[in-house]
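Asks: Here it is: the structure, laid out below.
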Amino acid sequence: MSIIEKINDPDDLKPLSLDELGRLADEVRDLIIERVSLNGGHLASNLGSVELTIALHHVFESPTDSIIWDVGHQAYAHKLLTGRRDRFDTIRKEGGLSGFPKRSESIHDPFGTGHSSTSISAALGMMEGKRRVNAPGDVIAVIGDGALTAGLAFEGLNHAGHIKKKLIVVLNDNDMSISPNVGALSSYLKRMMTGTLYSKLKQETKHLLEGIPSVGESMIRIAHRAKGTVKGLVTPGMLFEELGFEYVGPVDGHRIDDLVHTFKRVRGFDRPTLIHVITQKGKGYEPAEKEPSLFHGVDPFDTETGEPSSRKGTPAYSRVFGEALCELARNDKRVVAITAAMTEGTGLYEFANAFPRRFYDVGIAEPHAVTFAAGLAVEGLLPVVAIYSTFLQRGYDQVVHDVCLQNLPVVFVLDRAGLVGEDGPTHHGVFDMSYLRHIPNLMIMAPKDENDLCRMLKTALEHKGPSALRFPRGRAKGVEMEDEITSIAVGTAKVLQEGDDILIIAIGSRVGSALEAAKKLKQHKGISATVLDARFVKPLDKDLIGSLAGRIKTVLTVEENALQGGFGSAVTEYLIDCDIDDLRIKRIGIPDRFIEQGRQTSLMALLGLNADGIAETAEAFLKKSDGQRQITVG
């Protein structure tokens, strides 16, 4: 029997020898590679943290001791060791294990994560909570070096150093977040020397001074008071010690014996402690070691070659965006691009290579990215800020206060808008229409296909104020691309099909499904529908929407966004103000709950957002009795 088959709980790791723990690491790594190759998921980060995870669970007592995994990209080994091995084949599948730590999934997941840099603040709160209610156990935050580029991480470090109570922070330093790390902190960590070198230097110096009669002891006391001056030259610990932490390391993150020894020693400390662990992203799988960014998040792949299991002809929306931005930037030197540690993910890799002096990766620092863009815009540049929809939530105040209030021409490009699939509720971008459309001065667009994406990008760059452009995760439609990118008149919708029975107003990714639904209604039910591609969430094409609604009377809105405050709400608010007799309105979108992971197509069907669901809702809505008040909102 393999060692991993004997591990059903962290307690099963306690009696294992260091040699057995090393063999367990190999088995865990093999299982992660096998399963991710079938399901897709986060690979390189999980491979890099296997020994670290095993050592933590060997030394600490989960769930009494709380281990918080920042972001959660590295938590697969943790799941395997905490009673979820038998369900590991369901990871990221509908109804299966989440790809991230999740409180409702296991008592060993004390805090749900999915977004970067939250672990230290959460751990500090949990530690203080344990202290106040006299609960036992330590709290350990495991955070990557990339996550330390976010201000929230430093806010947590600063507060922890002020409180001066016991807290353990493990810095998993692999010199790589999703894209290569940027910033002064990353450079600072790279300048480190090993903990062994520092310790040896300190001990040799101490022995030398002790050998000097009379004055040696005094010199040792002086050296101790001045140790920061020396230590700052040979280790990166100076920064963290100035923040009030005891610095330990660097430690080899793939030497289980070193990790176990360090964790056992630190467990006895009664003050804030940071353990600096050096790991290799993609460890143990050669393709991931060579290209850790490429293997950060992967679709199913061939384990022998590392190549994707299937290749589709149409490019991803993010790639279409990146190529269009390059084309537009060639004709306008004012265009600059900004990302928050997601160069490849947001499609800006080509732009970064073509225009390196016009490209800025600010690290995992979305609030800074937004205000930095505002500063660029003040000086006459045209900044394009490419951020995932769910991550722009972190920069909301900056969007309002620093960009829109000043009416600056900043273009927000929101990738992964809508349901993203297997990454689940932490990554579904289903709130951006709701949290953006009420902000004055902000224009919001959503394309139905890649041609419209290019047109809208040009429209945004020509606009004199702030704008947002959202598009979904995944492959584009494969439509024939126009030779020249042309802009769209601001606030204009487009009729795609005419009919008299029902008006279907769709936006973005749901336009194609709405058009397909209309064809099904006509073919199978004899129902004639007008399909309107709204194109703009704000400003709405009020004249066209009002005239069509006044004639047809029955309106169905369709969006891949939360119903609360979204596109359908905007249409409803406007039409109610129009005071149209016998008007009936129904909205289809994301209901008022967090949507779990699953394939995008499955989630669309579950929520009635595919063509069949839209057609069924439209038919049922038309069949409802008319004995209702003047304006009915479904």
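Asks: Counting only residues that are within 23 Å of residue 573 (Cβ to Cβ) and touching a residue at least 60 places away in the same chain (Cβ under 8 Å), give me the strands (runs of 3 or more DSSP E) lying completely in segment 434-500 with at least 2 of them.
Replies: 443-445
Asks: Can you report the number of residues in segment 250-261 which are buried (at least 19 other Cβ atoms within 10 Å of the Cβ) and part of a loop (DSSP other than H, G, I, E, B)?
Replies: The total comes to 2.
Asks: Oh, and also: Go through the residues of segment 357-375 one by one and say whether even a single one is part of a loop (DSSP other than H, G, I, E, B), free of Cβ contacts under 8 Å to residues at least 60 places away in the same chain and surrounded by fewer than 24 Cβ atoms within 10 Å (Cβ to Cβ).
Replies: Scanning segment 357-375 turns up no residue that is part of a loop (DSSP other than H, G, I, E, B), free of Cβ contacts under 8 Å to residues at least 60 places away in the same chain and surrounded by fewer than 24 Cβ atoms within 10 Å (Cβ to Cβ).
Asks: Hey, among 446, 476, which residue is aliphatic (A, V, I, L, M), under 24 Å from the mean Cα position of the chain (by Cα) and outside the structural domain of residue 334 (by TED's automatic domain parsing)?
Replies: Answer to the check: 476.
Asks: Pick from segment 594-608 the residues that are within 17 Å of residue 429 (Cβ to Cβ), in a loop (DSSP other than H, G, I, E, B) and in contact with a helix residue (DSSP H, G or I) (Cβ under 9 Å, 6 or more places away or on another chain): which of them is modelled with the highest pLDDT?
Replies: Restricting to residues being within 17 Å of residue 429 (Cβ to Cβ), in a loop (DSSP other than H, G, I, E, B) and in contact with a helix residue (DSSP H, G or I) (Cβ under 9 Å, 6 or more places away or on another chain), the top hit is 607.
Asks: Does segment 34-50 hold any residues that are touching a residue at least 40 places away in the same chain (Cβ under 8 Å), closer than 15 Å to residue 144 by Cα and of a type outside the set (A, V, I, L, M), and which are they?
Replies: Scanning segment 34-50 gives 42, 45, 48, 49.
Asks: If we keep just the residues of segment 376-389 that are assigned to a helix (DSSP H, G or I) and not polar (S, T, N, Q), which is farthest from residue 332 (Cα to Cα)?
Replies: For segment 376-389, the residue satisfying everything is 378.
Asks: Restricting attention to segment 452-470, does a residue exist that is touching a Gly at 6+ places or on another chain (Cβ under 7 Å) and under 24 Å from residue 349 (Cα atoms)?
Replies: yes
Asks: Could you tell me which of the residues 284, 306 is closer than 26 Å to residue 62 by Cβ and within 28 Å of the chain's Cα centre (by Cα)?
Replies: Of the residues listed, the single one that is closer than 26 Å to residue 62 by Cβ and within 28 Å of the chain's Cα centre (by Cα) is 284.
Asks: Can you give me the number of residues within segment 270-280 that are out of contact with any Asp or Glu (no Cβ under 6 Å at 6 or more places or on another chain) and part of a loop (DSSP other than H, G, I, E, B)?
Replies: Adding up the residues that qualify gives 3.
Asks: Among what's in segment 486-537 and is under 33 Å from the mean Cα position of the chain (by Cα) and at positive phi, pick the residue that is surrounded by the fewest Cβ atoms within 10 Å (Cβ to Cβ).
Replies: Per the stated criteria, the residue is 491.
Asks: Does residue 34 meet the test of being part of a helix (DSSP H, G or I) and out of contact with any helix residue (DSSP H, G or I) (no Cβ under 9 Å at 6 or more places or on another chain)?
Replies: yes
Asks: For segment 215-239, enumerate the residues that are modelled with pLDDT of 70 or more and either farther than 20 Å from residue 148 by Cβ or touching a His at 6+ places or on another chain (Cβ under 8 Å) (or both).
Replies: Hit for segment 215-239 is 237, nothing else.
Asks: Does segment 69-96 hold any residues that are buried (at least 24 other Cβ atoms within 10 Å of the Cβ), out of contact with any His (no Cβ under 6 Å at 6 or more places or on another chain) and not in a loop (DSSP other than H, G, I, E, B), and which are they?
Replies: 69, 76, 77, 78, 79, 80
Asks: Given the options 568, 613, 546, 550, name the one that is closer than 24 Å to residue 498 by Cβ and in contact with a Lys or Arg (Cβ under 6 Å, 6 or more places away or on another chain).
Replies: The unique qualifying residue is 568.
Asks: OK, next. Go over the candidates 598, 546, 565, 608 one by one and state the one that is surrounded by fewer than 21 Cβ atoms within 10 Å (Cβ to Cβ), over 28 Å from residue 96 (Cβ atoms), among the small types (Gly, Ala, Ser) and within 26 Å of the chain's Cα centre (by Cα).
Replies: Every option except 565 fails the conditions.
Asks: Which number in (1) in a helix (DSSP H, G or I); (2) over 19 Å from residue 341 (Cβ atoms); (3) of a type in the set (D, E, K, R); (4) within 21 Å of the chain's Cα centre (by Cα) marks the one condition that residue 402 misses?
Replies: Here residue 402 clears every test but (4).
Asks: Now, a different point. Select from segment 319-342 the residues that are of a type in the set (A, V, I, L, M, F, W, C) and surrounded by fewer than 20 Cβ atoms within 10 Å (Cβ to Cβ) and write down the one among them that is nearest to residue 365 (Cα to Cα).
Replies: Among them, the one singled out is 326.
Asks: Go through segment 97-130 and give me each residue that's in a loop (DSSP other than H, G, I, E, B) and free of Cβ contacts under 8 Å to residues at least 60 places away in the same chain.
Replies: 97, 101, 102, 103, 104, 105, 106, 107, 109, 110, 111, 118
Asks: If you don't mind, another one. Return the total of residues in segment 128-150 being surrounded by fewer than 18 Cβ atoms within 10 Å (Cβ to Cβ) and either closer than 18 Å to residue 241 by Cα or among the polar types (S, T, N, Q) (or both).
Replies: Qualifying residue count, segment 128-150: 1.
Asks: I'd like to know if segment 240-249 contains one or more residues that are buried (at least 17 other Cβ atoms within 10 Å of the Cβ), assigned to a helix (DSSP H, G or I) and within 28 Å of the chain's Cα centre (by Cα).
Replies: Yes: segment 240-249 contains one or more residues that are buried (at least 17 other Cβ atoms within 10 Å of the Cβ), assigned to a helix (DSSP H, G or I) and within 28 Å of the chain's Cα centre (by Cα).
Asks: Restricting attention to segment 276-318, which residues are free of Cβ contacts under 8 Å to residues at least 40 places away in the same chain, surrounded by 18 or more Cβ atoms within 10 Å (Cβ to Cβ) and either out of contact with any Phe, Trp or Tyr (no Cβ under 9 Å at 6 or more places or on another chain) or of a type outside the set (Gly, Ala, Ser) (or both)?
Replies: Listed by number, the list holds a single entry, 287.
Asks: Just to verify a result, which residue in segment 566-584, among those that are at pLDDT below 95 and aliphatic (A, V, I, L, M), is farthest from residue 552 (Cα to Cα)?
Replies: Here the answer is 576.
Asks: Could we say that residue 264 is surrounded by fewer than 17 Cβ atoms within 10 Å (Cβ to Cβ), in contact (Cβ under 8 Å) with a residue 60 or more places away in the chain and either of a type outside the set (A, V, I, L, M) or closer than 23 Å to residue 365 by Cα (or both) here?
Replies: Yes, satisfied.
Asks: Can you find a residue in segment 527-538 that is in a helix (DSSP H, G or I) and not basic (Lys, Arg)?
Replies: The answer is no, given that none of the residues of segment 527-538 is in a helix (DSSP H, G or I) and not basic (Lys, Arg).
Residues checked against (1) of a type outside the set (Val, Ile, Thr); (2) farther than 14 Å from residue 45 by Cβ; (3) at pLDDT below 90:
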| position | (1), (2), (3) |
| --- | --- |
| 77 | yes, no, no |
| 82 | no, yes, no |
| 86 | yes, yes, no |
| 98 | yes, yes, no |
| 115 | yes, yes, yes |
| 142 | no, no, no |
| 167 | yes, yes, no |
| 173 | yes, no, yes |
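The values are calculated or read from the model by the stated rules, or taken from the named source; none is laboratory data. Just so you know, these numbers come straight off a predicted model, no measurement behind them. As a convention, Cβ positions derive from the backbone with ideal geometry for all residues, glycine included, and neighbour counts pool all protein chains shown.
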